[in-house]
Structure formats: C-alpha cells, structure tokens
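So the structure is just underneath, and the comments pick up after that.
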Amino acid sequence: MQTANVNLPITVTVRHEQVTDSLRDYAKKKIEGLHLDYPKIIEAKVILDVQKHRHIAEIILFCTNHITIEAHTEGRDMYVALDETIEKIARRMRKHKTRLLKKSRPHRNESIRYLEERYFTEEVLDHPQESEHDPVPFIVHPENYAVKTMYKEDAIMELELSDRPFVLYKSARRHCLTIVYRRKDGEFAAMDVKD
C-alpha cells in the first residue's frame with residue numbers, strides 16, 4: 001500500500017525573502033509525507049511569507065471530489081510554522097474522511113429494506129422461442145427513492161460513493177429539486193427539475 005504522495009506537483013512560493021533549497025525541500029518533504037487516505041491530493045501550493053519578525057506559512061491542497069483544504073500558521077520560525085500548518089492540514093483531512101465515513105454508514109432506520117418481490121409464472125418462463133407473443137416484463141424489485149435535502153457537495157459525494165447514474169435531491173440553498181449526474185467526460189453536472 002502506498003503511504004506517500006509520489007510525483008505530486010508542489011509549488012513553493014516565498015514572499016519578502018529568498019527561498020533556500022533546504023526550506024523548499026523541507027516543505028515538499030512534509031507535504032509528500034501526508035498520509036494517502038482521503039481525500040487524494042492532486043496539487044499542493046505552499047506560500048511562505050516573512051513580515052518583520054513574523055513567519056507565516058500557508059498551505060493549500062487541491063484534492064479529488066472538488067475538495068480544497070487550506071491552513072495557515074504564524075510563528076517566529078518558518079520551520080515551526082510549517083510543522084504547525086501541516087498538523088492543521090492533517091487534522092482537516094481526517095475530518096473529511098470521518099465525514100465521508102459517517103455519510104456512507106447506514107442509519108438504524110435505513111439499514112433494513114423490505115422489497116416487494118414478484119415471481120414469473122411457469123407459463124411466461126416456458127414459452128416456445130417461435131412464439132409471436134413475447135412475455136410482458138414487469139418490475140421484480142421496485143426501488144423507492146427518498147428525496148433528501150442536501151447541498152450540492154454532499155450530493156456529489158453521495159454519487160461518488162454509489163453506483164447510481166444520478167442523485168436527485170432538494171437543494172438546501174435554493175429549495176428546489178435538483179439532479180446531479182456524471183457526464184461522459186467524468187465531470188459532474190447539475191440540473192434543476194421543473195414541476
């Protein structure tokens with residue numbers, strides 16, 4: 001199992017001071033050392049700023065599922081500020097993972113689903129191939145879909161976690177029915193449903 005981020009594009013920018021190779025390598029090593037769990041990091045930006053006696057370290061992570069995690073810390077030493085910022089980033093990544101796990105865990109009242117079952121009769125199953133009348137199919141397991149009130153980000157996360165082609169939900173921001181679906185190019189699209 002891979003535990004380090006390999007070939008991650010990391011941009012280190014230093015303001016009001018010359019960047020040293022040791023500082024740049026330290027920042028890259030710290031970000032590459034972040035545990036690969038959730039969310040997966042696509043790109044990282046590190047902004048180091050020196051203002052009089054204050055050293056400010058800011059880290060912005062661009063992750064999958066349109067998640068952006070950022071943190072900044074101010075200290076008297078740049079290395080200490082970087083360490084504290086990495087700790088904040090790691091806490092926020094764990095928070096995203098915990099939130100994802102809580103959403104995917106079934107609630108007590110939703111853990112058991114009772115499905116209406118129907119069976120084909122023997123006449124339908126044992127018909128000859130050259131028959132002019134094809135059997136009429138009917139639904140064996142109808143699926144009930146509860147429309148939840150949620151934000152678009154939560155709907156995208158639910159779509160990522162399920163095999164469904166779309167998620168229908170009531171927008172918590174605009175109070176209208178909305179569908180989020182995956183396009184052919186892999187991106188997500190949202191569309192309001194008219195009554």
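Observations on the structure shown:
- Of all residues in the stretch 82-93 being farther than 9 Å from Ile69 by Cβ and in contact (Cβ under 8 Å) with a residue 40 or more places away in the chain, the one that is nearest to the chain's Cα centre (by Cα): Ala90
- Restricting the stretch 8-39 to residues that are of a type in the set (Lys, Arg) and more than 27 Å from the chain's Cα centre (by Cα) leaves a set whose member that is nearest to Leu161 (Cα to Cα) is Arg24.
- Single match in Ala71, Ala81, Ala27, Ala57 (criterion: crowded, with 17+ Cβ neighbours inside 10 Å, touching a strand residue (DSSP E or B) at 6+ places or on another chain (Cβ under 8 Å), within 30 Å of Leu159 (Cα to Cα) and of a type in the set (Gly, Ala, Ser)): Ala71
Read-outs: derived from the displayed coordinates by stated rules, not from any lab. Here the structure is a predicted model, which means the values were calculated and not measured. Here Cβ is always computed from backbone atoms with ideal geometry, including for glycine, and neighbour counts include all displayed protein chains.
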